[in-house]
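In what follows, a single structure is set out as structure tokens and then discussed.
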Amino acid sequence: MVTLVVGDEELLAERAVAEVVQEARRGDPDTEVVDLTPSTLEPGRLVELTSPSLFGGGKVLVLRGAQDLGKDLAAEVTAYVKRPADDIVFVLVHAGGVKGKALLEAWTKAGARKVACPKITKAGERLDFLRAEVRRLGGTISAAAAQQLLDAVGSDLRELASACSQLVADTGGKINDAAVARYHRGKADVSGFTVADLTVEGRLGEALEQLRWALATGVAAVLINSALAQSVRGLAKVSGARGKSFALAKELGMPPWKIERLQKQLRGWSPDGIARALTVVAETDGAVKGGAADASYALEKAVKEIVTARALR
């Protein structure tokens, strides 16, 4: 089977690839996933990867950036798409657009299944995505709350997906405008995730500045610490994992893009530092939920201690 994932909306493309892999693993949990790019796909390797194995077992080949294939590799891939192996699942990820358009036409004509992931640019389409995301997570959201959440979070699909996940988890799945106002009142581009990213990267001054702005514009203290906790726990998960982001996605229960971001943020962290940071977010959780007289102070203290923990050796 050959699937074309076409479009430059990265989140949707990643999910489309993940669905193909999940489907393959439903039939064979031990299915191997091989991630490829034009720069790593040497001439002849595709033939090697698609040849029958003495040991059997399923295999999913994911070729990303297919629009960048050179002439020789493009011919090799096209020849395979015309006569695919029965026991191999082949996923071609193409950004769409003019570059490599002839390849798309050739692969589609050869019978490859196409999954479109175009960039979502219209507000109405983003609103549809937001509602669908809440339903996918098992929740419901009112029309007013959906519009309010879109206005607060902005157009980035990853941020919208994260906000939906947080709200479904914290509200029991029933999201109304009051819940959105509690968590996302204020400046759209300053969220708990912004503060968390700056903190785990050791950028203390910027983290404190964004923290104070977020609090001043009404972002809930509990949401900010939740984002800090997610980031630190993510570092802990990724620190002990080995392999490429896509292969680790199922094992760690997070999308490849998040694993890649955490792997970059992990640089500079030691196991002792991560352990200390985990303690800090656990203590701060109680503080922002009523255990401290000043939740803002508790968060500032947590940010400083997490940045300090990053330097532990």
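Could you give the C-alpha radius of gyration of the stretch 121-185 expressed as a fraction of 2.2 N^0.38 Å, taking N as the number of residues it contains?
Numbers: Rg = 10.1 Å, N = 65, 2.2 N^0.38 = 10.7 Å.
So the stretch 121-185 has a normalised radius of gyration of 0.94.
Between the stretch 1-42 and the stretch 250-313, what's the alpha-carbon centroid distance in Å?
Value for the Cα centre distance between the two parts: 32 Å.
Report, by chain and number, residues whose modeled amide H sits under 5 Å from the one on G65, excluding near sequence neighbours (fewer than 5 apart, same chain).
For G65, whose amide H was placed from the backbone, the distant partners under 5 Å are V93.
Translational diffusion coefficient, Stokes-Einstein: compute it for the stretch 187-313 using the Kirkwood radius over C-alpha pairs as Rh, at 4 °C and 1.567 mPa s, and state it as an integer in µm² s⁻¹.
Numbers: Rh = 14.6 Å.
The estimated diffusion coefficient comes to 89 µm²/s.
Which of the trypsin sites (Lys or Arg not before Pro) across the stretch 25-128 are loop residues per DSSP, with 16 or fewer other Cβ within 10 Å? Walk me through the numbers before you get to the answer.
Working: sites: R25, R26, R45, K59, R64, K71, K82, K99, K101, K109, R113, K114, K119, K122, R126; in loops: R64, K99, K119, K122.
Passing both the DSSP loop test and the Cβ count: K99, K119, K122.
In whole Hz, what ³J(HN,Hα) sequence does the stretch 104-111 give by Karplus (6.51, -1.76, 1.60; θ = phi - 60°), x for Gly and Pro?
4, 5, 5, 5, 5, 4, 6, x
Quote the relative contact order of the stretch 121-185 in percent (integer), defining contacts as alpha-carbon pairs under 8 Å separated by 6+ residues. Each step should come with its number before you reach the end.
Numbers: 68 pairs, mean separation 25.3, N = 65.
In percent, rounded to a whole number, it is 39.
For a 26 Å ceiling on Cα separation, which of these pairs sit above it: K99/K119; K119/K174; K99/K237; K250/K304; K244/K304? Don't skip to the answer; put the middle values down first.
Numbers: K99/K119 16 Å; K119/K174 28 Å; K99/K237 38 Å; K250/K304 33 Å; K244/K304 31 Å.
Long pairs (Cα-Cα over 26 Å): K119/K174; K99/K237; K250/K304; K244/K304.
Using θ = phi - 60° and the Karplus form 6.51 cos²θ - 1.76 cosθ + 1.60, what ³J(HN,Hα) does each residue of the stretch 74-79 get, whole Hz, x for Gly and Pro?
Result, rounded to whole Hz: 4, 5, 5, 5, 5, 4.
How large is the convex hull of the C-alpha atoms of the stretch 2-116 per residue, in Å³? Display every interim value, and only then the final one.
On the way: hull volume 10.9 nm³, N = 115.
Hull volume normalised by residue count: 94 Å³.
Report the GluC sites (Glu not before Pro) located in the stretch 84-146 that are in a DSSP loop and have at most 12 other Cβ atoms inside 10 Å of their Cβ, or state none. Working shown, then result.
Working: sites: E105, E125, E133; in loops: none.
Nothing satisfies the criteria.
What list of ³J(HN,Hα) couplings, whole Hz, do you get for the stretch 191-201 from phi and the Karplus terms 6.51, -1.76, 1.60, once you set θ to phi - 60° and write x for glycine and proline?
For the stretch 191-201, the Karplus curve yields 10, x, 5, 4, 4, 5, 4, 4, 5, 5, 7 Hz.
With a cut-off of 8 Å between alpha carbons and a minimum separation of six or more residues, what is the relative contact order of the chain in percent?
Values: 445 pairs, mean separation 46.0, N = 313.
Worked out over the chain, it gives 15 percent.
For G96, which sequence-distant residues (separation of 5 or more, or a different chain) have an amide H within less than 5 Å of its own amide H, given hydrogens modelled in the peptide plane?
G7
Of the beta bridges DSSP finds with both residues in the chain, what % are antiparallel, to the nearest 5? Before the final figure, lay out the partial values.
On the way: 0 of 21 bridges.
Within the chain, antiparallel bridges account for around 0 percent of the total.
Could you work out how far helix 295-310 tilts from the main Cα principal axis of the chain, as a 0 to 90 degree angle to the nearest 10?
Computed tilt is about 50 degrees.
Tell me, in nm to one decimal, what length is gained between V98 and S155 on full extension, where the rule is 0.36 nm per residue of separation less the Cα-Cα distance?
On the way: separation 57, 0.36 × 57 = 20.52 nm, distance 2.47 nm.
Additional length available on full extension: 18.0 nm.
Among A181, A75, A146, which one shows the highest mean-square fluctuation when the chain is modelled as a Gaussian network with alpha-carbon springs under 10 Å?
The residue that fluctuates most here is A75.
What's the magnitude of the charge dipole for the chain around its Cα centre, counting Lys and Arg as +1 and Asp and Glu as -1 at the beta-carbon? Answer in Debye, nearest 20. Spell out each step's value before the answer.
Values: 42 positive and 39 negative charges, 21 e Å.
The dipole magnitude comes to about 100 debye.
For the chain, taking Cα atoms only, what is the radius of gyration to one decimal and the Dmax to the nearest whole Å?
Over the chain's Cα set, Rg and Dmax evaluate to 22.2, 68 Å.
Whole-Å semi-axes of the stretch 73-149's equivalent ellipsoid, largest first, each the root of 5 times a Cα gyration tensor eigenvalue?
Details: eigenvalues 275, 51, 12 Å².
Values for the stretch 73-149, descending: 37, 16, 8 Å.
Note the angle between two axes, namely the Cα long axis of helix 271-286 and the longest principal axis of the Cα atoms of the chain, as a number of degrees from 0 to 90, rounded to the nearest 10.
The two axes meet at around 50 degrees.
Bear in mind these aren't lab numbers, they're just calculated from the coordinates by the rules spelled out. On a predicted model such as this, the values are computed, not experimentally measured, just so you know. Virtual Cβ from ideal backbone geometry, glycine too; neighbours counted across all protein chains shown.
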